[in-house]
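Down below is the structure, laid out as structure tokens.
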Amino acid sequence: MSPEAAVTTQVRPQALARYCLALGDDALILTQRLGEWMSRAPQIEEDMALGNIALDLLGQARALLTYAGEVEATYTGEPARSEDDLAFFRDEREFRCVHLVEQPRGDFAFSIARQLVFSTYQYALYSRLSRLATSPDPTLAGIAAKAVKEVDYHRDHAEQWTLRLGDGTQESHRRMQAGLDEVWPYVDELFTDTEDAAELASAGVVPLPSSLREECERRWTAVIEQATLQVPEPTRRSRGGREGIHSEHLGYVLAEMQHIPRSYPGSTW
Amino acid sequence: MYGNDFSTEPSEPLNAAETGGVEQAMAHEDRRAQLLSEAEVADRQEQFDALIAADQRIEPRDWMPEAYRKTLVRQIAQHAHSEIIGMQPEGNWITRAPSLRRKAILIAKVQDEAGHGLYLYSAAETLGAGRDELLDALHSGKQKYSTIFNYPTLTWADVGAIGWLVDGAAIMNQVPLCRCSYGPYARAMIRVCKEESFHQRQGFEILWALSRGTSEQKAMAQDAANRWWWPALMMFGPPDAESSHSEQSMAWGIKRFSNDELRQRFVDMTVPQAQKLGLTLPDPDLRYDEESAHWRFGEIDWSEFKRVLSGDGPCNAQRIAHRRKAHEDGAWVREAASAYAAKQAKRTAQAREEAVA
């Protein structure tokens, strides 16, 4: 721990609320993309598997958004915004998800490549979060401890498919490599040390995003090589999602997701 | 697990799976061994007849008449296809569910439907009909699915109406199938009915929330009830006088009650629920008959049923095109999975040989 960090005994709730929103938004927006697969998967088993992953991510999103709303209320003095307030009544610029989860679902190979990246990242993140035994934030650690078990399965699912597609037929090999190539420009953004994350990390509340990278890369490389594929070397990198600067896709995801509650404000469902 | 936390007299059964039929089927006493060991029933047709007469289950390895097998394959396949096609009208609302809780319930429901499809295709497989072959028959239009799924889900309230009415009608049809003479089908139905019962309650709960909401929400619920009521009644099939497969299926213990009988039970159970929801049903002839203690309902428009069944419904072409596209788009994935499995098997065999050598 750096001397500077030792001084920081308390984190600003603003940073914590924004951090939870970011994680919750990642999970929520990917739920939307995975939900699009249901009734469109290559086989019924995958309709179920992708639905199951979507359901887990939605559960994580709900817990994280609820908590973000509670933390936020400690400094706004307003009543806490609920998970639904946050999901349905924020605009594009207020979302904090990474570009990776916003991208259209693509073909099955793209979706698997994205899931490989995201689940590996989530596993690294949640396992570190849940191991922060002395965490000053037991709520976040608790959410992570539950989620890490789910994400372990998601990661396995994505790895198994990466192997099958990479080492299956010529066509599946080509598509899986193309899927990885398309996804890789969005990898870097996951490990950005935002101001909020850095502040929280220095207080020992969360791991520093960049510190998760090595573990993830080791795991990806092993699977990708076993699948006879190559780890892409992208020439462009997405950035800005955590600050509300998104790809153009997010607006459409939100328009679809939010339109009913916004058309009937004040209604309960 | 999800939902069901509303308090509309929860002790009161809301669908046919909550009135003891499933438990009754689960309590079925297996006397196959005893019956089959009796020497006088050595002939295979006689054995089959004796099992049916004693209300015992026929199991996959038993001899069975070809017509019995064909009837079951047709019925189970149609049922499996209905689960798979049924994912579409509801899946249509996953990305638009109006709260995160509703979204979770809906994803879980559509996932259950995929699961039901799987158990049912497996049950058909025990009769020698493979999933690929059955899916081809669905895609080519050779086999049918429930015509109810040829109607569109136009508003959020439709998701509620499907749960309440369509799942309610399906459960009414399926609870007696938990006692079907074919063992794998009966066992699949027990599991399916339990899950469907949740879905029906969740659908009722969606409408319950709308019916206590704003005037716009109430109107949405009423509109959905208006559009789904008659198609739900049609789900029980043509009137008894015109039902072509019924008699033989009854004799074989596949079917237990007639179409009209089940339809009447459904109406009797559902009308009071509509009243509780504050919804009217679109039938001017609907009235309670004190003498028979039944709700009497008006004439069903069978010409519409036949029209939709024959392909001229609002979504027939769309449902099949969607299903075929998913299947065709996924062909390379399934091929890759087979190719990989074959490579793996070869590698394992090679490794074993090397170990021996």
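The values are calculated or read from the model by the stated rules, or taken from the named source; none is laboratory data. Computed from a predicted structure; not experimentally measured. Glycine also receives a Cβ, built like all others from the backbone with ideal geometry; neighbour counts cover every protein chain displayed. Surface accessibility is based on the protein's heavy atoms, side chains included, excluding ligands, DNA and RNA. Shrake-Rupley method; radii C 1.70, N 1.55, O 1.52, S 1.80 Å.
Computed extension length for B:Trp63-B:Lys144: 26.5 nm, one decimal, from 0.36 nm per residue of separation with the Cα-Cα distance subtracted. Computed from Cα atoms, the angle from the helix B:183-211 axis to the main principal axis of chain B rounds to 30 degrees.
Relative contact order of chain A, taken over Cα pairs closer than 8 Å and 6 or more residues apart, is 25 percent.
Between 0 and 90 degrees, the angle of helix B:100-125 with respect to the longest Cα principal axis of chain B falls at about 40 degrees.
Applying the Karplus relation 6.51 cos²θ - 1.76 cosθ + 1.60 with θ = phi - 60° to the range A:44-49 yields 3J(HN,Hα) values of 4, 4, 7, 4, 6, 5 Hz, where x marks Gly and Pro. Note on the protein assembly as shown: Cα-only Rg and Dmax are 27.4, 92 Å. Here the gap between B:Glu133 and B:Ala53, fully extended at 0.36 nm per residue and compared with their Cα-Cα distance, gives a gain of 25.6 nm. Select from A:Leu50, A:Leu229, A:Thr66 the residue farthest towards the positive end of the dipole of the range A:10-263; place +1 on Cβ of Lys and Arg, -1 on Cβ of Asp and Glu, and compute about the Cα centre. Of the candidates, A:Leu229 comes out farthest on the positive side. For A:Asp156, the solvent-accessible surface with a 1.4 Å probe is about 70 Å², rounded to the nearest 10. When shorter helices are ignored and each DSSP H run of at least 4 residues is given -39500 (n - 2.57), the per-residue value for chain A at 222 nm works out to -22000 deg cm²/dmol.
The C-alpha radius of gyration of the range B:43-109, expressed as a fraction of 2.2 N^0.38 Å, stands at 1.85.
Extension gain for A:Glu94 to A:Ala80 (0.36 nm times residue separation, less C-alpha to C-alpha distance): 3.4 nm.
Ranking B:Lys144, B:Lys346, B:Lys109 by solvent-accessible area of protein heavy atoms (1.4 Å probe, all protein chains present), from largest to smallest, gives B:Lys346, B:Lys144, B:Lys109.
Centre-to-centre, using Cα atoms only, the range A:158-185 and the range B:21-72 are separated by 49 Å. Applying the criteria of a DSSP loop state and at most 11 other Cβ atoms within 10 Å to the GluC sites (Glu not before Pro) of the range B:50-156 yields no site.
Within the assembled protein chains, the solvent-accessible surface assigned to B:Lys343 is about 70 Å², based on a 1.4 Å probe.
Taken as Cα centroids, the range B:299-324 and the range B:145-203 sit 19 Å apart, rounded to the nearest whole angstrom.
Computed across the range B:64-148, the Kirkwood radius stands at 13.7 Å (inverse of mean 1/r, all Cα pairs). Scanning residues 5 or more positions from B:Tyr182 or on other chains, those with amide H under 5 Å from its amide H are B:Ile58, with H placed 1.01 Å from N in the peptide plane.
Angle of helix A:13-35 to the longest C-alpha principal axis of chain A, folded into 0 to 90 degrees and rounded to 10: 30°. Report the far tail of the P(r) of the range A:10-263, meaning the percent of Cα-Cα pairs longer than 29 Å. Within the range A:10-263, distances greater than 29 Å cover 26 percent of Cα pairs.
Computed with a 1.4 Å probe over protein heavy atoms only, the accessible area of A:Thr228 comes to about 80 Å². Computed over the range A:190-269, the quotient of the alpha carbon radius of gyration and 2.2 N^0.38 Å is 1.61. When all C-alpha to C-alpha distances in chain B are sorted into bins of 20 Å, what percent of pairs does each bin hold, rounded to whole numbers? Binned Cα distances yield the sequence 27, 54, 18, 2, 0. Averaged over its residues, the protein assembly as shown has an accessible area of 43 Å² per residue, based on protein heavy atoms and a 1.4 Å probe. When every Cα-Cα distance of the range B:147-249 is counted in 10 angstrom steps from zero, the calculated P(r) takes the values 15, 38, 30, 13, 3, 0 percent.
Relative contact order for chain B: 19 percent, from Cα pairs under 8 Å spaced at least 6 residues apart, divided by residue count. For the range A:148-245, the gyration tensor built on C-alpha atoms gives a prolate shape. Its axis ratio a/c (a ≥ b ≥ c) is at least 1.5, and a/b is the larger of a/b and b/c. Legend: mean number of C-beta atoms from other chains within 10 angstrom of residue C-beta atoms, peptide A:26-34, equals 2. Spatially, the range A:118-147 and the range A:36-73 are offset by 17 Å when compared through their Cα centroids. Rounded to the nearest 20 debye, the dipole size of the protein assembly as shown about its Cα centre is 760 debye, using +1 on the Cβ of Lys and Arg and -1 on the Cβ of Asp and Glu. Checking every one of the GluC sites (Glu not before Pro) in the range B:250-339 against DSSP loop status and a limit of 16 other Cβ atoms within 10 Å picks out B:Glu290, B:Glu291, B:Glu299.
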